[in-house]
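Q: The structure follows.
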Amino acid sequence: MLRLLLLYAGFAILALAIETAVPHLVPIRAIVPNLIVILAVDLGLRHHGVPAALMAFAMGYATDALSGAQFGSEAFMITLVYLASYEISLRLMVTSAAIGAMIVLLATPITALGALALSVGAAELGRIGPILPWLVAQSVVSALVAPVVFALLTRTKRLIGLPAHAARE
């Protein structure tokens, strides 16, 4: 379990570094995928149990710390993404990278809107028109990057001696 924790902690630190540095280097923020959502989806699809849920919460809380958002909003939303992915993995016989990408496609805007609603209030969501194209673009980019991240995680797990997919409960 410690190797799994260190693996996801390392990937989360790298993801947060990319998500905070790349927007300063490129003019279009939408091309930066939401890598934390991708990691939470992978956790939910492949690793079940309390430690994985705590890892998802910790990734969300780290996102809160770096984003300047109200503490707990991203942590709550990333934990929900983990739980939704976990439930989907229990209902399906096979969880593939394509299914994970579809979950990422849906979870990315829901996470952003949910965190926004928790931070500024649900009443403010009526004025989201200007950010909808950005949310759609980021969702598509995240879904396209997700299979690559899933494959990289699988290879890294094998490299450090972890099973690529945890046993189902």
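Okay, residues lined up against (1) modelled with pLDDT under 90; (2) surrounded by 16 or more Cβ atoms within 10 Å (Cβ to Cβ); (3) over 20 Å from Ala17 (Cα atoms):
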site: Met93; (1), (2), (3): yes, no, yes
site: Ala101; (1), (2), (3): no, yes, yes
site: Gly121; (1), (2), (3): yes, no, yes
site: Leu125; (1), (2), (3): yes, no, yes
site: Val148; (1), (2), (3): no, no, no
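Q: Just to be sure, is Val22 within 13 Å of the chain's Cα centre (by Cα) and surrounded by 13 or more Cβ atoms within 10 Å (Cβ to Cβ)?
A: Here the answer is no, as Val22 does not meet what is asked.
Q: Considering region 11-41 alone, what residues qualify as being modelled with pLDDT of 95 or more and not hydrophobic (A, V, I, L, M, F, W, C)?
A: Those that are modelled with pLDDT of 95 or more and not hydrophobic (A, V, I, L, M, F, W, C): none in region 11-41.
The values are calculated or read from the model by the stated rules, or taken from the named source; none is laboratory data. On a predicted model such as this, the values are computed, not experimentally measured, just so you know. Cβ atoms come from the backbone with ideal geometry, glycine included; neighbour counts cover every protein chain shown.
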